[in-house]
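Q: Sharing a structure below in structure tokens format, with a few things to ask.
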Amino acid sequence: MKERGYVVQPGGVDFWLYPRGAKPGEKPARYFIRILSERDFFPLKELDTLLISARNMRKEPILAVVDEESDITYYEVKEARFEFVEMKKEKKEEKAKASLLGDRVLLWDADLAENLYRNNFYGKLTKEKRLLLSLVEAAYLLKRGQLEIELNARQPPKPVNFEQFIDYVSSIESDFADKYAVYEDLREKGLIVKTGFKFGSHFRVYKAKQQKHSSYLIHVLPEEHVFSMSDLSRAVRLAHGVKKRMIFSFKEKVGEESFIRYVDVGRMKL
């Protein structure tokens, strides 16, 4: 940092970092730096703690990761701020009937299928005008009263309520409840949410329906998750390479209440 013209002083977490040419005491430090080795492990909750400290100190946190060749990669850590284009409120159309087929839900009504796909970017429309919905999309529409889902595992097939559907899918996908909570939160914020599998994440997120490329990658983690530096680096590097923000999400429990938290981690140049 000194060689790059910055003013650095011990303090904060590991160092205070002042703007180039600044004199400590005349101007406040802009950043505080946490130094890690590539072999270190870093809890997700500690990332969140860094953000709380940054907010209290009115500083911006930086992770400086030193690899075994003594090269340094810098990461900015910040609270996610989602930009989106305000959408018209979705009309609650006639309830559509759908069937659970493996890990997809199939909506049969051609008109309702096309409406959900064209107007609200749900699912994938087939040539036969049937709509293939992901499990989180189906759960969201079921909760909103726009879908009636039959489980073909039941004989004869019977419609299920939202709680029954969540229980059933959670027996197939253990982290489904947390993924659904994040999906619902993002949709309620006015964002378009699709699978992020091609990018190694749970979701890719669009600011608006007409947007060609997604803006964010969201990966849902348990609150107790611990990163290896290589895992963190891999996720952030991939997101950076495809011009998206890498956001980690988790459900934080405070007393009897739960809140969805988002931590945005990106590479930065100093």
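Q: Which of the residues that make up segment 195-236 are aliphatic (A, V, I, L, M), in a helix (DSSP H, G or I) and more than 18 Å from R81 (Cβ to Cβ)? First the steps, then the outcome.
A: Narrowing segment 195-236 to residues aliphatic (A, V, I, L, M): 205, 208, 217-218, 220-221, 226, 229, 232, 235-236.
Narrowing the set further to residues that are in a helix (DSSP H, G or I) leaves 229, 232, 235-236.
Scanning segment 195-236 gives M229, L232, A235.
Q: Please determine, by comparing only the residues of segment 212-229 that are in contact with a helix residue (DSSP H, G or I) (Cβ under 9 Å, 6 or more places away or on another chain) and more than 16 Å from Y183 (Cα to Cα), which one is surrounded by the most Cβ atoms within 10 Å (Cβ to Cβ).
A: First pass over segment 212-229, keeping only residues in contact with a helix residue (DSSP H, G or I) (Cβ under 9 Å, 6 or more places away or on another chain): 214, 216-227.
With the extra rule that they be more than 16 Å from Y183 (Cα to Cα), the set shrinks to 223-227.
Values: E223: 15, E224: 9, H225: 16, V226: 13, F227: 20.
Only one residue fits best here, namely F227.
Q: When you look at V169, is it in a strand (DSSP E or B) and buried (at least 20 other Cβ atoms within 10 Å of the Cβ), yes or no? Steps first, please.
A: Numbers: in a strand (DSSP E or B): no; buried (at least 20 other Cβ atoms within 10 Å of the Cβ): yes.
No; evaluated as a whole, the condition is false for this residue.
Q: Which residues, counting only those in segment 105-118, are surrounded by fewer than 18 Cβ atoms within 10 Å (Cβ to Cβ) and either in contact with a strand residue (DSSP E or B) (Cβ under 7 Å, 6 or more places away or on another chain) or of a type in the set (D, E) (or both)?
A: The answer is W108, D111, E114.
Q: Please find, within segment 1-41, the residue that is nearest to L232 (Cα to Cα) out of those that are in contact (Cβ under 8 Å) with a residue 40 or more places away in the chain and of a type in the set (A, V, I, L, M).
A: It comes out as L36.
Q: Can you name the residue in segment 110-142 that is without any contact (Cβ under 8 Å) to a residue 24 or more places away in the chain and of a type in the set (S, T, N, Q) and, of all such residues, is farthest from L100 (Cα to Cα)? Before you say what the answer is, go through the steps one by one.
A: Taking segment 110-142 as the starting set, the residues that turn out to be without any contact (Cβ under 8 Å) to a residue 24 or more places away in the chain are 110-115, 117-118, 122-129, 142.
If we keep only those that are of a type in the set (S, T, N, Q) as well, we get 115, 126.
On the way: N115: 20, T126: 16 Å.
Going through the qualifying residues, I end up with N115.
Q: Just one of the numbered conditions (1) outside any strand (DSSP E or B); (2) at pLDDT below 95 is not true of K253; which one?
A: Failing condition for K253: (1).
Q: Among (1) surrounded by fewer than 20 Cβ atoms within 10 Å (Cβ to Cβ); (2) without any contact (Cβ under 8 Å) to a residue 40 or more places away in the chain; (3) farther than 30 Å from Y74 by Cα; (4) outside the structural domain of K45 (by TED's automatic domain parsing), there is one condition K198 misses while meeting the rest; what is its number?
A: Here K198 clears every test but (3).
Q: May I pose another question? Is there any pair linking a residue in segment 208-225 that is without any contact (Cβ under 8 Å) to a residue 12 or more places away in the chain to one that is of a type outside the set (G, A, S), with Cβ under 6 Å and at least six apart or on different chains, and which?
A: Final answer for the pair search is none.
Q: Please determine whether any residue of segment 146-159 is within 17 Å of F248 (Cα to Cα) and free of Cβ contacts under 8 Å to residues at least 60 places away in the same chain. First the steps, then the outcome.
A: Taking segment 146-159 as the starting set, the residues that turn out to be within 17 Å of F248 (Cα to Cα) are none.
Checking segment 146-159: not a single residue is within 17 Å of F248 (Cα to Cα) and free of Cβ contacts under 8 Å to residues at least 60 places away in the same chain.
Q: Further, regarding this structure: Please list, ordered by residue number, the strands (runs of 3 or more DSSP E) wholly in segment 1-66 having 1 or more residues that are under 22 Å from the mean Cα position of the chain (by Cα) and buried (at least 16 other Cβ atoms within 10 Å of the Cβ). Quick ask: steps written out before the conclusion?
A: Details: elements: 7-10, 15-18, 31-37, 41-43, 60-66.
Once the strands (runs of 3 or more DSSP E) in segment 1-66 are filtered for at least 1 residues that are under 22 Å from the mean Cα position of the chain (by Cα) and buried (at least 16 other Cβ atoms within 10 Å of the Cβ), what remains is 41-43, 60-66.
Q: Name the residues in segment 230-260 that are closer than 21 Å to A54 by Cα, buried (at least 20 other Cβ atoms within 10 Å of the Cβ) and not polar (S, T, N, Q), would you?
A: If the condition is that a residue be closer than 21 Å to A54 by Cα, buried (at least 20 other Cβ atoms within 10 Å of the Cβ) and not polar (S, T, N, Q), then L232, V236, R245, M246, I247, F248, F250 are the ones that fit.
Q: Assigned to a loop (DSSP other than H, G, I, E, B) and crowded, with 18+ Cβ neighbours inside 10 Å: is that true of Y140 in this structure?
A: On the way: assigned to a loop (DSSP other than H, G, I, E, B): no; crowded, with 18+ Cβ neighbours inside 10 Å: yes.
Answer is no for this residue.
The values are calculated or read from the model by the stated rules, or taken from the named source; none is laboratory data. Because the structure is a prediction, the values reported are computed rather than measured. Here the Cβ is made from the backbone with ideal geometry for all residues, glycine too, and neighbour counts use every protein chain on show.
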